[in-house]
Amino acid sequence: MKKFSIAMLSMVLAGSMLLTGCGGSKTADSSSDAQDSSTSTSDTADYKLATEGTLTMATNAYFEPWEYYDGDKIVGIDPEVAQAIADKLGLKLEIMDMDFDSIITAVSAGKADMGMAGMTVTEDRKKNVDFSQTYASAIQAIIVPEGSDIKTADDMEGKKIGVMQGFTGDLNCTEQFGEDSVVRFNKSAEAVMALQQGKIDCIVIDNEPAKKIIEANKGLQILDSKYSQEDYAIAFAKGNDGLRDAVDKALGELIDDGTVEKIMNEYIVAD
Ligand code: GLN
């Protein structure tokens, strides 16, 4: 993990140098564009990027092990896979942390090139963004205090269910149990506190973050009864086919050569 932290630090430093560079020499940059189009992959590739030469990833970095802060660095499975994709495309990687609910808007508006945030492919989201191939699967887990009378997903009927705003746990529970049953939080730590204080009866969240929550908080457990099966993919602005195809090809190669699995094994300990 140490090796990785250093790698991420240099990425962050490279990112901030890049930002400084852009801010300080905007006119010079744009005039040199016309003269030399071979300096960056983005000039020759069949896609536009939010920032030239940089793959900008929008995420919500409160979703360990997929993305989370280690000090002031954003680390996790998604940043590592994104870095490997950026390397293949000859681009720098920049990560923008935002509310999960803002990711699709940022990508659609071209502020970020892709959304990568353990994001589940849903029919509704497909109306607003295009997705890459899927690179991981997940299950919605149910966290309860030890001794809870909630033993299965159906037992959540009539209970106060803690969910993260806009996550699939929110969407699914709202649809199944109704608006009055869900209590929405922006950060899982807030939901955990509410569960420990008895303000809610359970939390529905993706299984790997659920395991991290259980590890860090005594007295809570994950039910054997799972809620829903989902697939994660990377989101792109609708119609940004050139970039989606390039990232998708790179991602496919990283899946095929075992890189994605290797990265996941670094962060996910088998049950
Ligand atoms: N997989 C869930 C979803 O897509 C949660 C994702 C996240 O919080 N990063 O809604």
Amide H proximity to M164 below 5 Å, modelled H, separation 5+ or other chain, gives D170, F185
Report the calculated FRET efficiency for D70 and K111 (r = Cβ-Cβ distance, R0 = 30 Å), to the nearest 0.05.
0.75
In terms of Cα to Cα distance under 29 Å, which lysines are near enough to K249, apart from those fewer than 8 places away along the same chain?
K3, K48, K73, K88, K92, K111, K126, K127, K238, K262
Cβ neighbours within 10 Å, averaged per peptide: list 180-189, 243-252 in order, most packed at the top.
243-252, 180-189
Ranked by how many other beta carbons lie within 10 Å on average, peptides 110-116, 147-153 from highest:
110-116, 147-153
Förster radius 22 Å - calculated FRET efficiency between A216 and A270, Cβ distance, rounded to 0.05:
0.70
Just to verify a number: FRET efficiency for D46 and Q176, C-beta to C-beta distance, R0 = 41 Å, to 0.05?
0.45
If each residue of separation counts as 0.36 nm, what is the full-extension length gain between D99 and E190 once their alpha-carbon separation is subtracted?
31.3 nm
Which lysines, if any, have their Cα less than 17 Å from the Cα of K212, not counting same-chain residues under 8 positions apart?
K187, K226
Under 8 Å for C-alpha pairs, at least 6 residues apart: give me the relative contact order for the stretch 101-248, rounded to a whole percent.
44
For the stretch 127-134, in order, what is each residue's ³J(HN,Hα) by Karplus, 6.51 cos²θ - 1.76 cosθ + 1.60 with θ = phi - 60°, in whole Hz (x at glycine and Pro)?
6, 10, 9, 9, 10, 6, 5, 7
Peptides 216-225, 202-211: what's the order by average Cβ count within 10 Å, highest mean first?
202-211, 216-225
Along the charge dipole of the stretch 108-261, which of A233, L251, L195 sits closest to the positive end, that is, farthest toward it, with unit charges on the beta carbon of Lys, Arg, Asp and Glu (+1, +1, -1, -1)?
L195
What is the magnitude of the charge dipole of the stretch 183-271 about its Cα centre, with +1 placed on the Cβ of each Lys and Arg, -1 on the Cβ of each Asp and Glu, and no other charges, expressed in debye to the nearest 20?
620
Cα-based Rg/(2.2 N^0.38 Å) for the stretch 43-161, rounded to two decimals, is 1.28
Separation of alpha-carbon centers, the stretch 138-179 and the stretch 214-246, rounded to whole Å:
16
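Read-outs: derived from the displayed coordinates by stated rules, not from any lab. In this text the structure is predicted, and so the values were computed from the model without any measurement. Glycine also receives a Cβ, built like all others from the backbone with ideal geometry; neighbour counts cover every protein chain displayed.
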